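Data block below; observations after.
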Amino acid sequence: MHTGSVTLGYLGIALVLVVGIAIVVYGWLSDRADTRRRQEALTGAPDRPIPGHSPDAPAPSYVTEYEVLHQSEYHPATTLTDAERADLQRRLGGAPSLPHGHAAREFTTDEPSGLCVLADPWILVADQSVTTIRELLPFIEKARATDHRVIVVAPSLGREVLATLQVNAVKQTLSCAVVLIPDAGQRRALCSLVGAVPIPWEDLRAGYIPTADLGTCATWVSSPDQLWVLQDAE
């Protein structure tokens, strides 16, 4: 009798395990199918007429943020010759520098050196964290209209903000870089190097970014962990 009870107990445990595993597997498969459907909905053409688009024309294709930022074939445009790269490395030795680099590999412009090199950029130094891309749109549009490169410096950036700037850098619709400097003293040090005035959060929200408050330099150079400010255009 005792042996039978033990056997029944083992059978009950085995049954619970089998049912539990089946539920877990079903949940995983269901979640995978839902994820695939959502991805297809994001990247597929809409199932309704598109204004101005002929019904018999090929369906437009869509590229997601994830695909842009994780494409394995992405390589930054290399604009420096070997001689220019060697000369730049020499000049960096005596240039003002801070221990903060660009926030993502997408901001690299010279693949062999891993550097971001931008000539005559507009440098916006935010006094507080930038949480939405709307706070930067007036600045970005003004920079694009005047063909200026863009550097955004802030204590931190919202995921949407950073991703938007990464996508623009990858698609080469905006020459830009992001540097995160949490320490206010270090941001003030950068302001003194480039002639910038920290932009208050209220002004960013209002779209009030005077050109006179933006910093600049002859050449901006940054690596993933350091930045340099070159004030001569050699």
Note to self: List pairs: first residue in the stretch 167-187 and closer than 15 Å to ALA103 by Cα, second residue among the polar types (S, T, N, Q) and not in a loop (DSSP other than H, G, I, E, B) anywhere in the structure, Cβ distance under 7 angstrom, at least six positions apart or on different chains.
What the structure shows: CYS176/ASN168; ALA177/SER222; VAL179/SER222
Next item on the list: Tell me, please, whether a residue that is among the aromatic types (Phe, Trp, Tyr) and at pLDDT 95 or above can be found in the stretch 212-222.
Entry: yes
Note to self: Could you check the stretch 166-184 and list, in sequence order, the residues that are at pLDDT 95 or above and in contact with a Cys (Cβ under 6 Å, 6 or more places away or on another chain)?
What the structure shows: ALA177
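Among the listed residues VAL152, VAL194, VAL117, VAL170, which satisfies the condition of being in contact with a strand residue (DSSP E or B) (Cβ under 6 Å, 6 or more places away or on another chain), assigned by TED's automatic domain parsing to the domain that holds GLY207, among the hydrophobic types (A, V, I, L, M, F, W, C) and farther than 15 Å from LEU230 by Cα? Show your work before the answer.
Numbers: VAL194 fails: farther than 15 Å from LEU230 by Cα; VAL117 fails: farther than 15 Å from LEU230 by Cα; VAL170 fails: in contact with a strand residue (DSSP E or B) (Cβ under 6 Å, 6 or more places away or on another chain).
After applying the criteria, what remains is VAL152.
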Check: Would you pick out the residues in the stretch 170-188 that are closer than 16 Å to GLU141 by Cα, surrounded by 18 or more Cβ atoms within 10 Å (Cβ to Cβ) and among the hydrophobic types (A, V, I, L, M, F, W, C)?
Finding: CYS176, ALA177
Margin query: For the list (1) surrounded by fewer than 10 Cβ atoms within 10 Å (Cβ to Cβ); (2) modelled with pLDDT of 60 or more, I need the number of the one condition that HIS70 fails.
Written below: (2)
Item checked: Subset of the stretch 146-166 [among the small types (Gly, Ala, Ser) and either surrounded by fewer than 18 Cβ atoms within 10 Å (Cβ to Cβ) or free of Cβ contacts under 8 Å to residues at least 60 places away in the same chain (or both)] -> ALA154, SER156, GLY158
Check: Which residues, taken from the stretch 189-222, are surrounded by 21 or more Cβ atoms within 10 Å (Cβ to Cβ) and without any contact (Cβ under 8 Å) to a residue 40 or more places away in the chain?
Finding: none
Margin query: What's the total number of residues in the stretch 205-234 that are farther than 19 Å from ASP147 by Cβ, polar (S, T, N, Q) and either touching a Ser or Thr at 6+ places or on another chain (Cβ under 7 Å) or outside any loop (DSSP other than H, G, I, E, B) (or both)?
Written below: 2
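Being in a strand (DSSP E or B) and among the β-branched types (Val, Ile, Thr) is the filter here, so list the residues in the stretch 138-191 that pass it. Spell out the reasoning first.
Step one: filter the stretch 138-191 for residues in a strand (DSSP E or B), giving 150-154, 157, 176-180.
Of everything in the stretch 138-191, those that are in a strand (DSSP E or B) and among the β-branched types (Val, Ile, Thr) turn out to be VAL150, ILE151, VAL152, VAL153, VAL178, VAL179.
The values are calculated or read from the model by the stated rules, or taken from the named source; none is laboratory data. Keep in mind that what you see is a predicted model, and the values were worked out from it rather than measured. Note that we place each Cβ from the backbone using ideal geometry, even for glycine, and neighbour counts take in every protein chain shown.
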